[in-house]
Each structure stands twice: as C-alpha cells, then as structure tokens.
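To start, the structure under review is shown below, and the notes come after it.
The values are calculated or read from the model by the stated rules, or taken from the named source; none is laboratory data. On a predicted model such as this, the values are computed, not experimentally measured, just so you know. Methodologically, a virtual Cβ is constructed for each residue, glycine included, from the backbone with ideal geometry; neighbour enumeration extends over all protein chains shown.
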Amino acid sequence: MGTVKNLNKWANTHTYYPLDLLRVALGVFLFIKGIEFMTNYEQMSEIARPFQEMPGGMIILHYVAPAHFVGGFLIVVGLLTRWAVFAQLPILLGAILTNFLGVMHVPNLIMALIVFFACIFFALYGSGKHSVDYYLKMQQ
C-alpha cells in the first residue's frame, strides 16, 4: 500500500496536461473499440478464432467488449484508472498473441503494442491530478 501512495504522490507532483490528454485519448480509444466489438460480432469472432480451441473461449468474447467499454469510460474520467487498466492488460496480451497464433497483421500488432505500453504506463502513473480519483481524494 505504501508503494501505491508513493506513486500517487509522485504522479500528483509531476502531472502535466499532455499526460492527462494521453489518458483521455487511451480511454476514448478503448471505449470506441468496445462499441466496435459490440456492434460487429463477426469481426469479434474472427479475431477470437485462434482461441476457439482453448477452454473458456466463449468467455473471451463476452469479456472483451464490456471490459473495453466500461474500462475506457473509467480511464477517460480518471476513476479507478489502475483497476480499469489492469482489466485491459489480458485483452491486450491476447491481441498481441493473436498476431502470432493467427494471421500476422502488422498494423494491429503495432496498435496493440502501443496501447499495451500506454496501459502499463498508466498502471504505474495512475490517473493524475486532473481526474475524479484526485477530486474524490481531496474531498475527504
């Protein structure tokens, strides 16, 4: 718990608007991906095809869209950012692995890697000073 407090203190003293804009852009991207997966089931099943033979393959289809949808919204407003990011990491690892287990699609691989590293950054950095988390903390 002390490590999280130290990371929050460091993040709050080193908060810049570009990092907040990056967090919002990441959240908007994930939110739009969640909507895209919800509206296009055929694309979603095509992406999950390499994982069909795995136990619980259908759970993957039902986890990805809501996790992107809800997690993206939480990341945009900066509420429970670390929890939302941790929910995205297995999905992003699956997106990276899909390119190696299925057909290699380089633009999707690059996009998944960029989003994965952005999520890793915000898992360490937190939501920053311009977020609901910070506002609620200051109201205590």
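Output the qualifying pairs, or none if there are none: Cβ atoms under 7 angstrom, residues six or more apart or on different chains, first residue in region 75-87 and closer than 13 Å to L22 by Cβ, second residue charged (D, E, K, R).
Going by the 7 Å Cβ cut-off, the qualifying pairs are I75/R23; G78/R23; G78/D133; T81/D133.
Could you list, in sequence order, all residues of region 49-95 that are under 24 Å from G128 (Cα atoms), in contact with a Leu (Cβ under 6 Å, 6 or more places away or on another chain) and surrounded by fewer than 19 Cβ atoms within 10 Å (Cβ to Cβ)?
Answer for region 49-95, where residues must be under 24 Å from G128 (Cα atoms), in contact with a Leu (Cβ under 6 Å, 6 or more places away or on another chain) and surrounded by fewer than 19 Cβ atoms within 10 Å (Cβ to Cβ): just L80.
Condition check: in contact with a helix residue (DSSP H, G or I) (Cβ under 9 Å, 6 or more places away or on another chain) and surrounded by 19 or more Cβ atoms within 10 Å (Cβ to Cβ). Does G126 satisfy that?
Here the answer is yes, as G126 does meet what is asked.
Of the residues that sit in region 1-31 and are modelled with pLDDT of 90 or more and not aliphatic (A, V, I, L, M), which one is surrounded by the most Cβ atoms within 10 Å (Cβ to Cβ)?
Result: R23.
Which residue out of L61, L93, L79, L74 is more than 26 Å from K5 (Cα to Cα) and modelled with pLDDT of 85 or more?
L93
Tell me which residues, restricted to region 96-123, are over 11 Å from L26 (Cβ atoms) and crowded, with 20+ Cβ neighbours inside 10 Å.
Residues satisfying the conditions are T98, A112.
For a quick check of your reading of the model, give me the residue pairs whose first member lies in region 112-132 and is farther than 14 Å from I96 by Cα, whose second is hydrophobic (A, V, I, L, M, F, W, C) and part of a loop (DSSP other than H, G, I, E, B), with beta-carbon atoms closer than 9 Å and at least 6 apart or on different chains.
Pairs found: S127/L79; S127/L80; S131/L79; V132/L79; V132/L80.
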